[in-house]
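Okay, so here's the structure we're looking at.
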């Protein structure tokens with residue numbers, strides 16, 4: 001199993017030195033660069049020789065996807081620019097979390113919001129296909145979003161969209177916070193990427209908690225072949241990064257992943 005860490009480009013040399021397999025950056029961090037700055041970033045990446053195949057934070061929080069005046073054209077124009085850059089940086093998977101962007105407006109009934117989300121996600125999949133990428137829907141906890149808050153709901157959205165470039169992610173932190181049965185990972189199958197952080201405080205997973213073993217066993221039982229990214233908080237990356245990586249390598253080995 002490849003194990004990476006979510007972070008900013010400036011952390012890439014440290015992450016590589018610690019032994020992480022890749023850095024998971026945000027799509028928005030590439031999209032907001034000028035073309036000149038992006039070309040500089042691309043050169044830095046090539047010189048460092050470190051994998052940046054996974055991306056998160058697909059949309060800026062200012063881009064509301066389920067509002068009445070949503071523009072599919074504007075979204076696709078944004079993604080065309082962003083996905084081009086992700087592809088050039090060696091990207092393969094982009095995570096569709098973006099809880100603020102996909103939150104259902106209070107005035108919009110759930111059924112209508114879900115229909116809108118199907119159309120939006122299909123549009124994202126079409127743009128991903130154009131650039132050779134795959135999207136992983138990320139179920140979030142109810143404190144962050146009111147749409148798609150479980151792996152089962154994520155699987156329903158994936159099925160409704162029915163696009164070959166739209167898949168599913170499972171994040172241990174959200175699973176634990178929502179009290180989801182880890183067995184749902186096996187039941188829905190087809191998860192292609194995962195995130196992890198400690199349940200309490202969403203900190204780097206530097207110490208064992210029992211839920212970690214259940215999560216890794218569920219991945220093993222689902223015949224998981226994907227990657228795992230640390231996505232959490234730390235006040236000392238240089239210290240917590242290696243500790244988290246050591247623990248996750250041990251858990252992966254114990255589970256046979």
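Quick notes on this structure:
- Flag for residue 21 being over 14 Å from residue 89 (Cβ atoms), modelled with pLDDT of 95 or more, in a loop (DSSP other than H, G, I, E, B) and within 19 Å of the chain's Cα centre (by Cα): yes
- Condition met for residue 136 (under 24 Å from residue 237 (Cα atoms) and either modelled with pLDDT of 95 or more or crowded, with 17+ Cβ neighbours inside 10 Å (or both)): no
- Within segment 24-60, being part of a helix (DSSP H, G or I), under 19 Å from the mean Cα position of the chain (by Cα) and touching a residue at least 40 places away in the same chain (Cβ under 8 Å) holds for 27, 28, 30, 31.
- Note on segment 121-132: among residues that are without any contact (Cβ under 8 Å) to a residue 60 or more places away in the chain, out of contact with any helix residue (DSSP H, G or I) (no Cβ under 6 Å at 6 or more places or on another chain) and crowded, with 20+ Cβ neighbours inside 10 Å, the one that is farthest from residue 67 (Cα to Cα) is 128.
- Scoring residue 218 on the criteria (1) buried (at least 19 other Cβ atoms within 10 Å of the Cβ); (2) under 16 Å from the mean Cα position of the chain (by Cα) leaves a single failure, condition (2).
- Scanning segment 187-215 for residues that are surrounded by fewer than 24 Cβ atoms within 10 Å (Cβ to Cβ) and in contact (Cβ under 8 Å) with a residue 60 or more places away in the chain turns up just one, 192.
- Scan segment 221-243 for residues that are closer than 16 Å to residue 23 by Cα and under 18 Å from the mean Cα position of the chain (by Cα) and the total you get is 8.
- Of the residues 250, 160, 155, 176, the single one that is surrounded by fewer than 19 Cβ atoms within 10 Å (Cβ to Cβ), without any contact (Cβ under 8 Å) to a residue 60 or more places away in the chain and touching a helix residue (DSSP H, G or I) at 6+ places or on another chain (Cβ under 7 Å) is 160.
- The numbered conditions (1) crowded, with 18+ Cβ neighbours inside 10 Å; (2) over 30 Å from residue 105 (Cβ atoms) are all true for residue 10 except (1).
- Test: residue in segment 101-110 that is farther than 26 Å from residue 229 by Cα, surrounded by 15 or more Cβ atoms within 10 Å (Cβ to Cβ), in contact with a helix residue (DSSP H, G or I) (Cβ under 7 Å, 6 or more places away or on another chain) and in contact (Cβ under 8 Å) with a residue 40 or more places away in the chain: yes
- Just one of the listed residues (146, 77) is free of Cβ contacts under 8 Å to residues at least 60 places away in the same chain and closer than 28 Å to residue 212 by Cβ, and it is 146.
- Qualifying residue in segment 36-53 (condition: farther than 30 Å from residue 225 by Cα and touching a helix residue (DSSP H, G or I) at 6+ places or on another chain (Cβ under 7 Å)): yes
The values are calculated or read from the model by the stated rules, or taken from the named source; none is laboratory data. What you are looking at is a predicted structure, and each value in this text was computed from that prediction instead of being measured. Glycine also receives a Cβ, built like all others from the backbone with ideal geometry; neighbour counts cover every protein chain displayed.
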